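The values are calculated or read from the model by the stated rules, or taken from the named source; none is laboratory data. Computed from a prediction, not measured in an experiment: that's the story for all the values here. Every residue, glycine among them, receives a Cβ derived from its backbone with ideal geometry; neighbour counts consider all protein chains shown.
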Amino acid sequence: MSILLIREFEAKKHADQIRGIADYMVVASQVVHQLQRERVASVGYLASNGDRMTGIMEKQRRLTNKYFSVLNNDIKSLDIKNLGYKFARQVNTSSRNFWKLPSVREKVPIEDFLTRPHCFCTVSKQTFLKRNKRSLE
């Protein structure tokens, strides 16, 4: 009888771990999707030399920030101790990568195009994209 109770307890603990990880993955995948949409808007913006997609890119950045905020709150509510070391390490690595977003965004400066449309005229579009290829990936 006690062996059955222990197995039942372990099964419930395992199910709770899976539920926590699955909930996190849903939110994380939504953030990734918003980042992909932001990337598309950024590419369109850069390809037009800042003539088009400004509003869409700004709107998408705000939307990405909103989803990122939800993800941060979800991470804070996770019971990391019960989810295992591997998962905790992966969440930590992912979080650190998400915190790099502002520095990546600085490489696609909306404000420069709005206030100084000529700021990239000395650099061709191809050169600019080539120099910033890694940060836009």
Exercise. Looking at Arg116, Arg134, which is the one that is at pLDDT below 70, among the charged types (D, E, K, R) and exposed (fewer than 11 other Cβ atoms within 10 Å of the Cβ)?
Worked result: Arg134
Problem set entry | region 46-68 residues that are touching a residue at least 40 places away in the same chain (Cβ under 8 Å) and of a type in the set (Lys, Arg), paired with ones that are assigned to a helix (DSSP H, G or I) and surrounded by fewer than 18 Cβ atoms within 10 Å (Cβ to Cβ) (beta carbon under 8 Å, 6 or more apart) | Arg61/Arg105
For this session: Run down Gln34, Gln17 and say which single residue is modelled with pLDDT under 90 and surrounded by 15 or more Cβ atoms within 10 Å (Cβ to Cβ).
Result: Gln17
Problem set entry | Whichever residue in region 37-76 is among the hydroxyl-bearing types (Ser, Thr, Tyr) and assigned to a helix (DSSP H, G or I) and, among such residues, is surrounded by the fewest Cβ atoms within 10 Å (Cβ to Cβ) | Ser69
For this session: Report yes if Lys125 is among the basic types (Lys, Arg) and at pLDDT below 55, otherwise no.
Result: yes
